[in-house]
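The values are calculated or read from the model by the stated rules, or taken from the named source; none is laboratory data. Every value quoted in this text rests on a predicted model; they were computed, and no experiment measured them. Don't worry about glycine lacking a Cβ; one is built from the backbone with ideal geometry, like all the others, and counts go over all protein chains shown.
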Amino acid sequence: MQENQFKHWQLHRDNDDIAWLSIDRAGEKTNTLSADVMTELDEVLKQLAANLPRGLVIRSAKESGFIAGADIREFESMTDATAVTAQVKQGHAVFARLEQLPCPTVAAVSGFCLGGGYELALSCNYIMALDSEDTRIGLPEVKLGIIPGLGGTVRLTERVGGMKGMTAMLTGRLYRPGQARGLGMIDEVVSKHSNLRWAARRAIMQKRKFKGAGLLNRATNFDIARGKLADQMVKKTAAKANPAHYPAPFKLIDLWKEHGGDRDAMFDAEAKQIGELMVTPAARGLQRVFHLMDRLKGLGKQDDFKCRRVHVVGAGVMGGDIAAWCALQGMEVTLQDREMKYIEPAVARAKKLFKKKTRSKHAAAATLARFIPDVEGKGVARADVIIEAIFENVEAKQALFKTIEPRMKDHAVLATNTSAIPLETLSTALENPARLVGLHFFNPVAKMPLVEVVHAPDTDKKMIDRGNAFCGQINRFPVPVKSSPGFLVNRVLAPYMLEAMRMFDDGLSREQIDAAALHFGMPMGPVELADTVGLDVGLSVVKNLGGDNVSSAVDRLQKMVDNGELGKKSGQGFYKWEKGKIVKDATNAENTDDNKTDTADIDALAQRLMKPFLDECKACSAEGIVEDDDLLDAGIIFGTGFAPFHGGPMNYLKTLSSSN
């Protein structure tokens, strides 16, 4: 058996003359393709070509996964598009060398196989993936403001056809092994009870190769089909993303429309396009968001606290949906309210969620079995995390805490989902006030990725860390925030919503106001957001956080709430809602992005609308509501949907000041 050691790769040949090439990037927990890694790979491939083995298997030596993609950090300092393109072309040459090896090549994947990692796999004859919970396959580059750049645009559309390949790249979706196999993105799913090494060896011995896309899939790459399909893709993509804010998916469509079917031209165009996109402000902003997301994930892994059982008190929309989400993440959940009739609607919503999110009826039934109605509150004594989610009343919450605290386990986390009441006020009812933390979820719970982990000056740091860890375990991003009125997200949203109402008072239509927000890059306008969250909730926020001169807004909201006009959930708010869909009046939507002659007007409206939002962010930064501006940006992006391509409000303000 021959062995060769490199810095980032391990190469050895077994007695069957199969070459086993394992990536183990030095000094990193996760494998990524840096320039050094690619240079070494090129050297390995040259050696193999000179002394050809029976076959080559590429795999990971790290438990964390296969390859998470190219090392974006190396490109972030580059400001010259041509330099990026040149480096990408070097990567093309390395993968071409792999693709052209005249022996069977197999990519044996376990864990994450993303971006450049999947593009490496596409350069092999055969791709297999272990059917584990951690295995994901995909090309998510559009989420970073770029396109696949190591041959993915070419090889994926060749492998699965233009329609399937472009859909995978435009959505940036990460697929489970079974899903990827169904699409033709991989060739074989290896059972988690089987041995990936032996499966790879068998594939080499049998000289397995990708069988090729079927005729119908190949036909989507033909000239006539490409033109029609590309036009449909542009229309569908434009409904979700503004090309002025997110150019990458539109550039990807143009690339395929113009060059699909011409391999050499498409490789050249891919390298040129990724070079141009990589240095855009949008790409820089989205890559910053990626790093912020990694930091939040890290906060959820800093403590070894493990939560197996959760008890939620309050089966309203928030409490019931928090309980359902925790059950979906594998925890046993008990849900308490005064009577069973208050829990039943939460059970009905949970059933719908489980049916939608699980992969089979059996899985949905198993999840529902973990979702346990508990009128008597017996789950308190067994729970690792207890979340209070009753109505916003200090006395009611304090009375509840007095009944809960004596029955809790010593290590358990006691949390409140209050959206505005300071922890210092609530914790006075406890024998040990230091154990109370805030776990402030956002509506809808199943879609909003952020949880504010609220702490007072005397909160036990262990409880804060456990709160962060719990968020990580339920697949949510924790942002630790100081206890203060509105915490971070609601505090920033309140003046933004009030400014929208002042603009409404000044005679602007609701559609114009929302269009101004979309023009800035927000995913939803403030008027639609108010309807979506609920005008009763908005009324409470305005009363508590609005400050002076809010009487007009309070009066309007109060009248609407008194009339049962609560927004989306009642079918009528500022907008009319039909079957959960908003009804907008196109005749009122003047000064929108579609009316280019009024660009200056909509710019002015957007700046007016966003100024209170940004001013409040600066105030939160000055007061140290979060540890630093990076966490502030992360909290506002994931809590409000603040235009991700700006990289966060503080980053946006910094960019503005540097450009002036």
Query raised in the report: Here is a list of conditions, (1) outside any loop (DSSP other than H, G, I, E, B); (2) under 26 Å from the mean Cα position of the chain (by Cα), and residue 401 meets all of them except one; can you say which number that is?
Result: (2)
Report task. Within the stretch 354-374, work out how many residues are part of a helix (DSSP H, G or I) and surrounded by fewer than 21 Cβ atoms within 10 Å (Cβ to Cβ). Result -> 11
**Report entry** Search result, residues across the stretch 153-164 that are in contact (Cβ under 8 Å) with a residue 60 or more places away in the chain and either surrounded by 22 or more Cβ atoms within 10 Å (Cβ to Cβ) or of a type in the set (D, E, K, R) (or both)
**Finding:** 153, 154, 157, 158, 161, 162
Report task. Pairs only if they're at least six apart or on different chains, beta carbon under 8 angstrom, first in the stretch 515-543 and free of Cβ contacts under 8 Å to residues at least 40 places away in the same chain, second of a type in the set (A, V, I, L, M, F, W, C) and in a loop (DSSP other than H, G, I, E, B); list them, first residue then second. Result -> 532/524; 535/566; 535/574; 536/566; 543/550
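Pick from the stretch 577-613 the residues that are of a type in the set (D, E, K, R) and at pLDDT 95 or above: which of them is farthest from residue 516 (Cα to Cα)? Quick ask: steps written out before the conclusion?
Restricting attention to the stretch 577-613, the residues satisfying the condition of being of a type in the set (D, E, K, R) are 578-579, 581, 584-585, 590, 593-594, 596, 598, 601, 603, 608, 611.
Filter once more, so that each one left must be at pLDDT 95 or above: 608, 611.
Values: 608: 9, 611: 12 Å.
Among those residues, the one meeting the criterion is 611.
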Report summary line: For the stretch 491-528 the number of residues that are of a type in the set (S, T, N, Q) and not in a loop (DSSP other than H, G, I, E, B) is 1
Query raised in the report: What tally of residues in the stretch 519-533 results from selecting those that are small (Gly, Ala, Ser) and within 20 Å of the chain's Cα centre (by Cα)?
Result: 1
Report task. Considering (1) closer than 30 Å to residue 342 by Cβ; (2) of a type in the set (Gly, Ala, Ser); (3) surrounded by 19 or more Cβ atoms within 10 Å (Cβ to Cβ), say which one residue 248 fails and leave the rest. Result -> (1)
Query raised in the report: Residues of the stretch 427-442 being surrounded by 16 or more Cβ atoms within 10 Å (Cβ to Cβ) and more than 23 Å from residue 382 (Cα to Cα), which ones?
Result: 442
Report summary line: Checked pairs for the stretch 349-378, first farther than 15 Å from residue 332 by Cβ and touching a residue at least 60 places away in the same chain (Cβ under 8 Å), second in a helix (DSSP H, G or I) and of a type in the set (Asp, Glu), C-beta under 9 Å and 6 or more apart or across chains, list as 353/321
**Report entry** Hey, residue 475 touching a helix residue (DSSP H, G or I) at 6+ places or on another chain (Cβ under 9 Å), polar (S, T, N, Q) and at pLDDT below 95 or not
**Finding:** no
Query - Counted residues, the stretch 646-660 - those being in contact with a Phe, Trp or Tyr (Cβ under 8 Å, 6 or more places away or on another chain) and either assigned by TED's automatic domain parsing to the domain that holds residue 520 or in a helix (DSSP H, G or I) (or both) - result: 2
Query - Count of residues meeting criterion [without any contact (Cβ under 8 Å) to a residue 12 or more places away in the chain and surrounded by 21 or more Cβ atoms within 10 Å (Cβ to Cβ)] in the stretch 600-644 - result: 0
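Taking the options 353, 296, name whichever one is closer than 30 Å to residue 634 by Cβ, at pLDDT 95 or above and not assigned by TED's automatic domain parsing to the domain that holds residue 473.
Working: 353 fails: not assigned by TED's automatic domain parsing to the domain that holds residue 473.
Exactly one residue qualifies, and that residue is 296.
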Requested in this report: Look through the stretch 261-302, keep the residues that are acidic (Asp, Glu) and touching a residue at least 24 places away in the same chain (Cβ under 8 Å), and return whichever of them is surrounded by the fewest Cβ atoms within 10 Å (Cβ to Cβ).
Outcome: 276
Query raised in the report: Name the pairs whose Cβ atoms lie under 8 Å apart, with the first residue in the stretch 234-260 and modelled with pLDDT under 95, the second crowded, with 22+ Cβ neighbours inside 10 Å and of a type in the set (S, T, N, Q), and 6 or more positions between them or separate chains?
Result: 260/157
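Does residue 340 fit the bill of being under 17 Å from residue 317 (Cα atoms), touching a residue at least 12 places away in the same chain (Cβ under 8 Å) and out of contact with any His (no Cβ under 6 Å at 6 or more places or on another chain)? Write out each step before concluding.
Numbers: under 17 Å from residue 317 (Cα atoms): yes; touching a residue at least 12 places away in the same chain (Cβ under 8 Å): yes; out of contact with any His (no Cβ under 6 Å at 6 or more places or on another chain): yes.
Criteria met by residue 340.
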Report task. Mind counting the residues in the stretch 48-66 that are out of contact with any Leu (no Cβ under 7 Å at 6 or more places or on another chain), farther than 21 Å from residue 117 by Cβ and surrounded by 14 or more Cβ atoms within 10 Å (Cβ to Cβ)? Result -> 2
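Of the residues 70, 61, which single one is under 19 Å from residue 95 (Cβ atoms), in the same structural domain as residue 10 (by TED's automatic domain parsing) and touching a residue at least 40 places away in the same chain (Cβ under 8 Å)? Talk me through it step by step, then tell me what you get.
Values: 61 fails: under 19 Å from residue 95 (Cβ atoms).
Checking each option against the conditions leaves just 70.
Specify the residue that is nearest to residue 147 (Cα to Cα); the eligible residues are those in the stretch 73-98 that are among the hydroxyl-bearing types (Ser, Thr, Tyr) and in contact (Cβ under 8 Å) with a residue 12 or more places away in the chain. Can you show your working first?
Filtering the stretch 73-98 for residues among the hydroxyl-bearing types (Ser, Thr, Tyr) gives 77, 79, 82, 85.
Next, only the ones that are in contact (Cβ under 8 Å) with a residue 12 or more places away in the chain stay: 79, 82, 85.
Details: 79: 17, 82: 16, 85: 12 Å.
Per the stated criteria, the residue is 85.
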Report summary line: Those helices (runs of 4 or more DSSP H) completely within the stretch 32-132 that have 3 or more residues that are acidic (Asp, Glu) and more than 27 Å from the chain's Cα centre (by Cα) are 35-50
